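To start, the structure under review is shown below, and the notes come after it.
Throughout, read-outs are computed from the coordinates displayed, never taken from laboratory work. Not measured: the values here are computed from a predicted model. Cβ atoms come from the backbone with ideal geometry, glycine included; neighbour counts cover every protein chain shown.
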2 protein chains.
Amino acid sequence: MNLILLFPEDFVAPDRVLLTGRRLRHVLEVHRAVLGQSLCVGEAGGRIGIGRVLRLDEEGLELAVAFEREPPPPLPVTLVLALPRPKVLKRVLLAVTSLGVKQIVLLNSFRVEKSFWKSPALVGEALREPLILGLEQARDTVLPDVLLKPLFKPFVEDELPALSAGSTRLVAHPLTERPCPREVSGPVTLVVGPEGGFIPYEIEKLQEAGFLPCALGERILRVETAVTTLLARLF
Amino acid sequence: MNLILLFPEDFVAPDRVLLTGRRLRHVLEVHRAVLGQSLCVGEAGGRIGIGRVLRLDEEGLELAVAFEREPPPPLPVTLVLALPRPKVLKRVLLAVTSLGVKQIVLLNSFRVEKSFWKSPALVGEALREPLILGLEQARDTVLPDVLLKPLFKPFVEDELPALSAGSTRLVAHPLTERPCPREVSGPVTLVVGPEGGFIPYEIEKLQEAGFLPCALGERILRVETAVTTLLARLF
């Protein structure tokens, strides 16, 4: 936790917050903060600043906060990801949030197991948790939007063209020779398939929607390694 | 498992292997292979080819194997990594092996917890496992070398200069302005610190050994995300 992310309900006064639960435990046990110490804080969706420890015990952490600078710039990318298994999903969401992705679409595909769509990891606080951890890791404050699209064809035919308008459209596909471009200027919409890859029909549909298949070489990477590698090349 | 990695003890004849244990289970339960099916195989340290299923039951998997092509080229990098906590270590080893790293040095640093050096993850089969999984993931056959260096100063002063001779020497250090270079030509020795970073003394020592601090921007990344991002930029 390199930044403590603060939400409206944490504020007990305009310049004071009271924290309990996970963030209190982390500051007690990992930071081992002391009275008067300054910690990095950020207002969810807003600016970054300093929180001075006014009180810290088993009951709560009270900080006097002041905000001074903007969060780091986002990556200009929309990431469309075939829904991974829940454990991988959490790691990928944390990693891409820490890298500055603000727009994430979780998409169905032939090789996505049906049961993944019923995972509790897709609902409410469980879905938000890796996003918050990613922001706290990277010292960012702006939560990504996550859209769930459990129907491949209507999304790719009817929604994806407008969603990706004006951007460089790429689909990562190990079975192509074209290498993933480097240092692209302007926004990108990047589609990444499931373990095992998209089936030919899906690649065709994405190509019809204007997406160019590109690859990272002959090595087959895990989704989390592939997504990080793609983002690092593109930006 | 995109490739079944074969070791000398698996061979029952020059062109036949018999597998049990983890690889048998995986082929039974994930690949759900059938008699006559061809699976991708590779000889540890050698070539890649095809294994045709001669027998598959709860007792064993027998394959007729033929090898035909070289494994993918390695990344020309020596990765010197401050020893991460055991769970992270496994993920990082798997990821960097899948990316083609062949030379890994696990190094001590002030912010590495002493207990990490006593982890069973550093010994024998437990250390080899994520390397094998990384090769199987990426369809590679050449196991990386992993060196353990539990003493920072003697390693950096006495061994690192020779180990990194002739290579571009970089140390990832979030507190510098210089961005990590892209598409470096020739070999690189890349040093990556622990969560929390190297202390100033350690950075000084690395600079004395010829290492240039460089960073990935203002975002602080988890070790596994940082290492993948650095490798993707460099190569």
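At a glance:
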| quantity | calculated |
| --- | --- |
| Rounded to 10°, Cα long-axis angle of helix B:124-138 versus longest principal axis of chain B | 80 |
| Projected label distance in nm at B:Glu70 and A:Ala66, using a 7 Å step from Cα toward the beta-carbon | 6.2 |
| Mean projection area, nm², convex hull over Cα of the stretch A:77-234 | 8.6 |
| Filtered GluC sites (Glu not before Pro), the stretch A:3-76: DSSP coil and at most 14 other beta carbons within 10 Å | A:Glu58, A:Glu59 |
| Cα-Cα P(r), the stretch B:35-95, percent of pairs per 10 Å interval | 18, 28, 26, 23, 5 |
| Overall Cα dimensions of the stretch B:4-69 - principal axes, largest extent first, Å | 27, 21, 18 |
| Cβ-vector label at 7 Å, A:Pro161, separations to other copies in nm | 6.5 |
| FRET efficiency estimate (nearest 0.05) - Cβ-Cβ, B:Leu35 to B:Ser115, R0 51 angstrom | 0.55 |
| Efficiency of FRET from Cβ geometry, B:Arg25 and B:Glu208, R₀ 60 Å, rounded to 0.05 | 0.75 |
| Volume per residue of the C-alpha convex hull in the stretch A:112-199, rounded to whole Å³ | 154 |
| Rounded Å value of the spacing that divides the Cα centres of the stretch A:41-110 and the stretch A:150-210 | 25 |
| Under 17 Å between alpha carbons - lysine pairs in the stretch B:77-234 that sit 8 or more apart or on different chains | 10 |
| Length-normalised contact order for chain B - Cα pairs under 8 Å, 6+ apart - percent | 20 |
| Acute angle (nearest 10 degrees) that the helix A:86-99 long axis makes with the longest principal axis of chain A, alpha-carbon atoms | 70 |
| Within the stretch A:149-228, trypsin sites (Lys or Arg not before Pro) in DSSP loop having at most 14 other beta-carbon neighbours inside 10 Å | A:Arg182 |
| In order through the stretch B:14-29: 3J(HN,Hα) via Karplus (6.51 cos²θ - 1.76 cosθ + 1.60), integer Hz, x for Gly, Pro | x, 10, 9, 10, 10, 10, 9, x, 4, 5, 4, 4, 5, 5, 5, 9 |
| All-pairs alpha carbon distance profile, the stretch A:129-169, 10 Å steps from 0, percent | 24, 32, 33, 11 |
| DSSP-loop GluC sites (Glu not before Pro) across the stretch B:119-183, with at most 10 other Cβ within 10 angstrom | B:Glu177, B:Glu183 |
| Equivalent ellipsoid dimensions for the stretch B:151-235 as semi-axes, Å, which come from the Cα gyration tensor, largest first | 19, 16, 11 |
| Normalised convex hull volume, the protein assembly as shown, alpha-carbon set, Å³ per residue | 169 |
| Amide H partners (placed H, <5 Å) of A:Thr189, local residues excluded | A:Thr78, A:Thr168, A:Arg169, A:Leu170 |
